Structures are given as C-alpha cells and as structure tokens.
Amino acid sequence: MTLRLLDPTGSVATIERGEERKLESLTGKRVGFVFNQHKSALAFWKALERAVEGKFQPSAAHRLYKVNTWAPAPKEEVDQLTRKTDYALVGMGA
Amino acid sequence: MHLAARIHEARDMLTAVEYCYEQKWTDGLPVVPPTEEAVERILAYLQRDPQEVVGVIAPRDGVATIETIAINCVMAGCKPEYAPLVVATIEAIAEERFNLNGVQTTTHGCAPLAMVSGPAVKTLGFNTRECAFGHGCRASATIGRAVRLVLWNIGGGYPGEPCKTTQGHPGYYSFCIAEDAENNPWEPLHVERGFKAEDTTVTVAAVEGPRLIGSSAGYGPAEDVIYILADAIAALGSPQISGGDMVLVLSPMAARNLANAGYSKARVKSEIQRLATRPVREVRHRQSIVETHPMHWNKIADPNDDDARVPFVREAANLIVLVAGGWGSGGAFCSLCAGWGARRSHPVHKRVEFPAT
C-alpha cells in the first residue's frame, strides 16, 4: 500500500522589496556603517571603515553601532540610516 | 479537509522512514512518517484553520502554519492533545523578543527549553519527578521533539550552515520539562508570571543544557543551599557573566528545605542575586564582549577595584525558578540551565489554547 506523506517544511516568507537603484560609483556618496560591535571583528571593522573613507571620500558617514550585538537593530534606527545614506556596509562579527 | 503541503509517496512504512532521512526531514533520529491520515487526526483535534499562520521560523523564515506544525507533531510521535502545547511553544519562539534567528545561529549552545506549568501537566501525564529533563515520558519527549523538528524542517536550523553552535547539547533533540505542582511549596511559574491558576502555560527560554548542582539540601541549612546554588551560577565560563535570563530547576527536597526555612520564591531569587557574584580580579580573566559595549560588566562594577563584585544575576526576574525532579537523597540535585547572556534572547510565556470540548 502506497503511503502519502506530507512535506513538513512549508513555504518561505517573502518580503516586498522596494525599487532598487544602482550607484554608478561610491565616491563622494553618503555611507552608512552598521556594525554589531562583536569583539572578534572590532579591529577589522575599524580598518574597513578607514579604508572605505580613505578610498571613496564619502560626503557623509553615519554609524549604527548596535547596542545589542546579538539582536537585529531596531527598525526605526535602520529606517533613519536608510534615509540619510546612499549605501551601507553591514558587518557582523560572531 | 484541504491541506497545502506537497505530497510525497512511499511504498511502505520502512521505505517511508528512510525517505524522511533522504529528504533531510530529521536531524538523525527516526521519525514517524507524516501520513495524511495521521496529520488530519491532529488537525481535527485542534479545530483551527490549517492555514492559520502561527509564526515565521528563522533562519529559513519558514512559515509555521497549524498544518505544518501538525505534520511535525506527527513525525515527533505526539498525541493530538499534545499539539496545543507545541503550537503555543512555536508562537512563543516566533516572537521578536525571543530572537530566534540568533538562538538558531549563534556559536553558543543554547536551545529553546519549553517549560510547562499548570493543570495540563497532570492531565497530559507529564513526568515531573525522577529524570524530569530526560527520558521516560511521552508528553515531554514528543512535545520537545516536535518543537525541534519545527526548528529543523520549517526553520532550516541545520548544524554548520547556518547554525554555528560549536558544541550544541542533547537538548537539541528534545527539550521540555514540566513543573511539579504538588511538590512546589510556592506559587507555580504561570501564576507568578500573571496567568490564572487554571491556565496552562508554556514558558520558553533559550538555555544551555542542564548542569547538575548538588545542593545538599538534605543535609545542610537553607543558607548553605542558597550559597551553593549561587556559586553554580557565578562561573567565569558562563554567559551569565553578562547577565540575562536563566532557568534554575529546584528539586522538591531543595525547595522544601528553603520553604521550611521561611524562604519565599522571591526571597530565594533575591538571595541568589546577592550571592552570585565574582570579584573583578577573577572576572578580569574572562574576555568576552568588548569593553566599550553597554553590556560589559565594567558598567556595573569598577574595573580598577579588584574587590568589587560583579553580579551574574543582574535582576531577580532573570531567574526562572521551577520545581521538578525526584526527591532523591540528601544531595538534592538541582539543575541550572544558563542562558545565552544579556539581552540576547528573552523568555516568552504563552497560555496554551486548548480546543473547546
């Protein structure tokens, strides 16, 4: 007798994404740095920020350093950063 | 009954068991093949819309519906009447404050522990005595197992990628415990947290595996018992160095010792909070989070004062105290399930919604 089994994995939630625009260059653009402040990535992140600022000369740099390393940044803070920046680098040490 | 799940076919039961392995529908232990008939039996008991969304399960962001939870309940071996507890547990872990994505992917070894409190502990036949965390009881074994299968199948919580826990622990297979109302000298957990006595609740906390504590409550005074419990919490290698929630399961003998000495549950917590500390000179050996981090212990103790004490229980409410386990001998073994550390995951309490009879 053939058994009919139900797949236990279900569907995956999807998120509506807004229209994306491509930056022709990063030079002079407003950058956002989102960092989770994990100890393992501290030195690397500082160096990365310096390198980005040195190479692309952003017109403004905004930082969102998460107070809680292990949880998502609050949505309002992310939204605020999104409004103030042209691109963002997201870094997670773990 | 309309079901949304994709149908797979297997020619017999043994083939079906192997098919579940091939599909990666289990984490190593065999599962009950989820046939339509068995799933429909659970859905009929629940009397809820099979397509009702209960939560989104990280990191895969799989949608846990009543139907997909029922499928995983079948695979775990749950009786239909266990399913409401699994649903409540999934609702709890899907709450943002639980931070399931972090729990599932951290290098730490925490897993969701489901703690059942209330009348259903007795009516569903949970074992609250000997081996309360372990084998021998279908209710706790299969409810905990169903939760893990949801985390695995719907949440995609596979070791290595994306789950980075370096050690894990046996509770990753199944992690459920029930409170012993009869041997609890204090108010039960669900009442303490604001639910009615007649409610049954599930509390979920992301915790390490249980560490046994010989409290010696059968031999020594309450003050010594409290001292030993506090000492177990204040371990340098524990994530509790940055605070956060934890679960302390007191054996009936330990709880009785403390209650007979006049301790309320609140006083047990406050005394443990007072004593579970280590001096800065020792805590300094544990490199953990960056010193500038707002949760670093240097925000609550002077890092230049060797004798300053660092509390491992930041707030008494961080201690979830349950009474469960066997009476045992004078050692009165208790268990500590340390948490994941400060504010990384918060426990969630849910009332279990049973179908109308």
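Values as computed for the structure displayed
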| read-out | value |
| --- | --- |
| About the Cα centre, charge dipole magnitude for the protein assembly as shown (Lys/Arg +1, Asp/Glu -1 at Cβ), debye | 1080 |
| Positive-end residue of A:52, A:12, A:31, charge dipole of region A:9-78 with Cβ unit charges | A:52 |
| Amide N proximity, region A:1-31 versus residue B:11 label position 7 Å along Cα-to-Cβ, cut-off under 20 Å | A:1-6 |
| B:253, A:92 arranged by Cβ crowding within 10 Å, fewest neighbours leading | A:92, B:253 |
| DSSP beta bridge pairing in region B:218-357, given as percent antiparallel to the nearest 5 | 55 |
| Whichever lysines have a C-alpha closer than 29 Å to that of residue A:55, once near sequence neighbours (fewer than 8 apart) are set aside | A:22, A:29, A:39, A:46, A:66, A:84 |
| For region B:144-250: relative contact order, % (alpha-carbon pairs under 8 angstrom, 6 or more apart) | 18 |
| Of all DSSP beta bridges in region A:13-94, antiparallel share, percent nearest 5 | 0 |
| Relative exposure of B:68, B:201, judged by other C-beta atoms within 10 Å (fewest first) | B:201, B:68 |
| Value at 222 nm in deg cm²/dmol, rounded to 500, when DSSP H runs of n ≥ 4 in chain B each add -39,500 (n - 2.57) | -8000 deg cm²/dmol |
| Size of electric dipole in chain A: Cβ of Lys, Arg +1 and of Asp, Glu -1, about Cα centre, debye, nearest 20 | 300 |
| Loop trypsin sites (Lys or Arg not before Pro), region B:185-217, which have at most 14 other Cβ atoms in a 10 Å radius of their Cβ (DSSP) | B:196 |
| Overall form of region A:1-45 per C-alpha gyration tensor (a/c, 1.5; a/b vs b/c) | oblate |
| Fluctuation leader among A:57, A:80, A:37 - chain A, Gaussian network, Cα springs under 10 angstrom | A:80 |
| Scattering profile of region B:231-276 at q = 0.16, 0.31 Å⁻¹ [log10 I(q)/I(0), Debye over alpha-carbon scatterers] | -0.49, -1.23 |
| Gyration tensor verdict on chain A (Cα atoms; rounded if a/c is under 1.5, prolate if a/b is larger than b/c, oblate otherwise) | prolate |
| MRE, 222 nm, helices only [DSSP H, n ≥ 4, -39500 (n - 2.57), over chain A, to nearest 500] | -8500 deg cm²/dmol |
| Positive-pole candidate from B:165, B:254, B:200, dipole of chain B, charges at beta carbon | B:254 |
| Cα gyration tensor, region B:83-204 - rounded (a/c under 1.5), prolate or oblate | prolate |
| Shielding by partners - mean other protein chain Cβ count within 10 Å, residues of B:340-347 | 2 |
| Loop-resident sites, chain A, for GluC sites (Glu not before Pro), counting at most 12 other Cβ within 10 Å (DSSP) | A:16, A:19, A:20, A:24 |
| Size of electric dipole in region B:88-211: Cβ of Lys, Arg +1 and of Asp, Glu -1, about Cα centre, debye, nearest 20 | 360 |
| Dipole axis of region B:3-131 (+1 Lys, Arg; -1 Asp, Glu on Cβ), positive-most option in B:5, B:85, B:65 | B:85 |
| Likely footprinting exposure, B:219, B:263, fewest C-beta neighbours within 10 Å first | B:219, B:263 |
| Folded to 0 to 90 degrees: helix B:36-46 orientation relative to chain B principal axis, Cα | 60 |
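A short reminder: the numbers here are calculations on the coordinates, not readings from a lab. The shown structure was predicted, so the numbers you read here are calculated from the model rather than taken from an experiment. Backbone-built Cβ (ideal geometry, glycine too); neighbour counts: all protein chains shown.
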